[in-house]
Amino acid sequence: MMRRVAIVGIGFTPFRPLSPEVSYRELVYESAQRAYHDAGINPREDVDSFITVAEDYEEGTAIFDEYTPDQLGAALRPVHTITADGLYAISAGYMLIQTGQCEVVVVEGHSKASNVLTPSYISALALDPIYNRPLRFHPACLAGMEMARFLVETGTVREQCLRVAVKNRRNALLNPLAPYGADLTLEEALASPPAFAPLSEVEMSRSADGAIVVVLASEEATRRLKGHPVWIRGVGWCSDSPTLETREWGEAVYAHLSARMAYRLAGIRNPAREVHLAEIDDTYAYKELMHMEALGLCRRGEAGRLVEEGATERDGLLPVNVSGGSLGMGHLGEATGLARLAEAVMHLRGDAERRQVKGAQTALVQSWRGVPSSSGAVVVLGV
Amino acid sequence: MLPLEKPQQVHRALAWQGEIPTYNIYTFGIAGERFFRELKEHGRFLGTRCPACHLLYVPPRIYCERCFASLEEWVEVPGRGTVFTFTLAYYDLDGRRLEHPDILALVRLEGAHGGVLHRLGEVEPGQVAIGMPVEAVLKPPQERRGSILDILYFRPTRR
Ligand SMILES: [Zn+2]
């Protein structure tokens, strides 16, 4: 018998381009306080295990997992760190509770991107050191190349990608956490200078600082806790080959397979009809379209048209990235999936204020780990 | 309880600036060594074939990423192919804006499942298209050291 697992607490800071007055530990401490208050728990007594996500190079510290416990209230307790997006930690926490060994698990992710003075060097260090890195190209070149291949394989046009940027930046205007909201028009987006053509400046998310903490609990534990449980109905994750020369470029196979795993657990057969709200990766505008198709929210080559028709607007048939996405909220590194999960939880609780998707009962959350990666995770939530 | 006070003047926000100097060597391995020796000594490209998946891996490797078979059949691949995808990069690695974009492309070598990621040269940005036939331009033999930089760039194929 599968145990049911719920999200019973979320805490976060606002997301900001800079945060010079606080350290990453203080950002996490603030979010943890909010999450524990939300769940009504004491981290020193009520939590069986803690999971954090972080990458050494992005933190500028080796063996960074050693630095994760204190600010979470997790010192001298079971803790492990995953070097992947926060949705992988949600999946791991879900499984820890499924084993019956844990009743309450805390997940943490943060970004102090503004402290990284040479971010392109870090993603360049993620390239194959023998075949690719000696060429000394900016790693976002890979996004431009992937977009070019996606456009030619699916018949999507650049203007449809720009519409994603317009939608998400406008959505962010209603999100008090989002620093990159803008009343952008399609004409203004069309005039954006090329960065890694066909990718233009306005289609690339900017980084942000912030922290998110999530409290998971077994069904039994939720009965003892206050608040409004949101159930984790399915999780999935997948990695394609890292080899740029041989992997897929025109479609997000990792997202397709992650979703298949999560939908199977959730019993979802027709995601386009059963999902009321999708918070999916839009690190680059075309990625939202590519991911919509991979996640089965539409057929291949259809996503661009859906955006044009307004189907993915907040009041459309299938709202996508009502939060503003990474284009509107800023990219939070490996914490990105958790920021999107928090947005989905707010909608399912009916707490999303002016952004609220009415009647939302099932939400899809998906992450991608950025260039040059070809991996990511999916979580399906429900009430 | 959350702190009641935070710094309120940006010039009072202090930070320590550090750096991460790290140096590594990266072993080519069995497959990489053979690939780069052949490129250096003979100016030729080699791949390995998976008999089960009918895929010819360039860069070569000794196992198939699809079926996990050991790959033992080495095949020469011509130093020409087509542009599988490309970008016009208006930024260099340091984040400096470029007036004339750098052209980076994934070239599918003829008959290969993979190919080579490299720059395009002897071509204007506006002339590049997916599917365009290109060929490798190598450094002269005495300057080749056994690296991906033994290839200078790919250019439109001359007939
Ligand atoms: Zn094979």
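Among A:326, A:367, A:373, which is the only one that is of a type in the set (S, T, N, Q) and open to solvent by 10 Å² or more (accessible area, probe 1.4 Å)?
Step by step, each of A:326, A:367, A:373 is checked, and only A:373 is of a type in the set (S, T, N, Q) and open to solvent by 10 Å² or more (accessible area, probe 1.4 Å).
Taken as a whole, the condition of being closer than 27 Å to residue A:171 by Cβ and in contact with a Gly (Cβ under 6 Å, 6 or more places away or on another chain) does not apply to residue A:246.
The test for being away from the ligand (no atom under 16 Å from the Cβ), surrounded by 10 or more Cβ atoms within 10 Å (Cβ to Cβ) and among the small types (Gly, Ala, Ser) does not hold for residue B:18. Within the stretch A:16-30, the residues that satisfy the criterion of being open to solvent by 10 Å² or more (accessible area, probe 1.4 Å) and not aliphatic (A, V, I, L, M) are A:16, A:17, A:20, A:21, A:23, A:24, A:25, A:26, A:29, A:30. Among the residues of the stretch A:141-155, those identified as more than 7 Å from every other protein chain (Cβ to nearest Cβ) and open to solvent by less than 10 Å² (accessible area, probe 1.4 Å) are A:142, A:143, A:147, A:150. Per the conditions (1) farther than 20 Å from residue A:142 by Cα; (2) more than 15 Å from the chain's Cα centre (by Cα); (3) of a type in the set (A, V, I, L, M, F, W, C), the sole criterion not satisfied by residue B:130 is (1).
Hey, any hits in the stretch A:188-196 for a residue that's out of contact with any helix residue (DSSP H, G or I) (no Cβ under 7 Å at 6 or more places or on another chain) and farther than 24 Å from residue B:102 by Cα?
Kept after step one, since they are out of contact with any helix residue (DSSP H, G or I) (no Cβ under 7 Å at 6 or more places or on another chain), are these residues of the stretch A:188-196: A:188, A:191, A:194.
Within this subset, residues satisfying the condition of being farther than 24 Å from residue B:102 by Cα are A:188.
Looking through the stretch A:188-196, at least one residue is out of contact with any helix residue (DSSP H, G or I) (no Cβ under 7 Å at 6 or more places or on another chain) and farther than 24 Å from residue B:102 by Cα.
The sole residue among A:275, A:253, A:235 that is open to solvent by 10 Å² or more (accessible area, probe 1.4 Å), of a type in the set (Val, Ile, Thr) and touching a residue at least 24 places away in the same chain (Cβ under 8 Å) is A:253.
Which count do you get for residues in the stretch A:256-272 that are within 18 Å of the chain's Cα centre (by Cα) and open to solvent by 10 Å² or more (accessible area, probe 1.4 Å)? Let's see the steps before the verdict.
Filtering the stretch A:256-272 down to residues within 18 Å of the chain's Cα centre (by Cα) leaves A:256-263.
Within this subset, residues satisfying the condition of being open to solvent by 10 Å² or more (accessible area, probe 1.4 Å) are A:256-257, A:260-261, A:263.
Result for the stretch A:256-272: 5.
On the given criteria, is residue B:18 out of contact with any helix residue (DSSP H, G or I) (no Cβ under 7 Å at 6 or more places or on another chain), closer than 30 Å to residue B:78 by Cβ and at the interface with chain A (Cβ under 9 Å from one of its Cβ atoms)? It is false that residue B:18 is out of contact with any helix residue (DSSP H, G or I) (no Cβ under 7 Å at 6 or more places or on another chain), closer than 30 Å to residue B:78 by Cβ and at the interface with chain A (Cβ under 9 Å from one of its Cβ atoms).
Hey, could you check the stretch A:37-66 for residues that are in contact (Cβ under 8 Å) with a residue 40 or more places away in the chain and open to solvent by 50 Å² or more (accessible area, probe 1.4 Å) and say which is nearest to residue A:24 (Cα to Cα)? Break it down stepwise before answering.
Just the residues of the stretch A:37-66 that are in contact (Cβ under 8 Å) with a residue 40 or more places away in the chain, to begin with: A:38-41, A:43, A:46-55, A:57-60.
Retained after the next criterion (residues that are open to solvent by 50 Å² or more (accessible area, probe 1.4 Å)): A:46, A:48, A:57-58.
Working: A:46: 24, A:48: 24, A:57: 14, A:58: 12 Å.
Here the residue is A:58.
Residues in the stretch A:284-293 that are of a type outside the set (Phe, Trp, Tyr) and open to solvent by less than 10 Å² (accessible area, probe 1.4 Å): A:285, A:287, A:288, A:289, A:290, A:291, A:292.
Listed by position, the strands (runs of 3 or more DSSP E) inside the stretch B:81-159 whose residues that are of a type in the set (Asp, Glu) number at least 2 are B:97-109. Considering the stretch A:67-76, the residues that are in a helix (DSSP H, G or I) and under 23 Å from the mean Cα position of the chain (by Cα) include one that is surrounded by the most Cβ atoms within 10 Å (Cβ to Cβ), namely A:72. Pairing residues of the stretch A:109-138 that are more than 9 Å from every other protein chain (Cβ to nearest Cβ) with residues that are in a helix (DSSP H, G or I) and open to solvent by 60 Å² or more (accessible area, probe 1.4 Å), at Cβ distances under 6 Å and at least 6 apart in sequence or on separate chains, gives A:122/A:57. Restricting attention to the stretch A:22-47, the residues that are more than 13 Å from chain B (Cβ to nearest Cβ) and either modelled with pLDDT under 95 or assigned to a helix (DSSP H, G or I) (or both) add up to 6.
Name the residues in the stretch B:79-95 that are in contact (Cβ under 8 Å) with a residue 24 or more places away in the chain and within 10 Å of chain A (Cβ to nearest Cβ), would you?
We begin by selecting, within the stretch B:79-95, every residue in contact (Cβ under 8 Å) with a residue 24 or more places away in the chain; these are B:79-86, B:88.
Of everything in the stretch B:79-95, those that are in contact (Cβ under 8 Å) with a residue 24 or more places away in the chain and within 10 Å of chain A (Cβ to nearest Cβ) turn out to be B:83, B:84, B:85, B:86, B:88.
Apart from one condition, residue B:31 fits all of (1) open to solvent by less than 40 Å² (accessible area, probe 1.4 Å); (2) more than 16 Å from the ligand (Cβ to nearest atom); (3) assigned to a helix (DSSP H, G or I); the exception is (2). Being within 14 Å of chain A (Cβ to nearest Cβ), assigned to a loop (DSSP other than H, G, I, E, B), open to solvent by less than 60 Å² (accessible area, probe 1.4 Å) and more than 9 Å from the ligand (Cβ to nearest atom) is the filter here; which residues of the stretch B:37-78 pass it? Result: B:58, B:59, B:60, B:61.
Consider residue B:85 carefully, then state whether it is more than 16 Å from the ligand (Cβ to nearest atom), among the polar types (S, T, N, Q) and closer than 21 Å to residue B:106 by Cα.
Here the answer is yes, as residue B:85 does meet what is asked.
If the condition is being facing chain A (nearest Cβ under 7 Å) and within 26 Å of residue A:200 (Cβ to Cβ), then the stretch B:103-118 contributes B:104, B:106, B:117, B:118.
The values are calculated or read from the model by the stated rules, or taken from the named source; none is laboratory data. Just so it is clear, the structure is predicted and the values come from calculations on it, not from any experiment. FYI the Cβ positions are ideal-geometry reconstructions off the backbone, even for glycines, and counts take in every protein chain you see. Just so you know, the surface numbers come from the protein's heavy atoms only, side chains and all, with ligands and any DNA or RNA stripped out. Shrake-Rupley method; radii C 1.70, N 1.55, O 1.52, S 1.80 Å.
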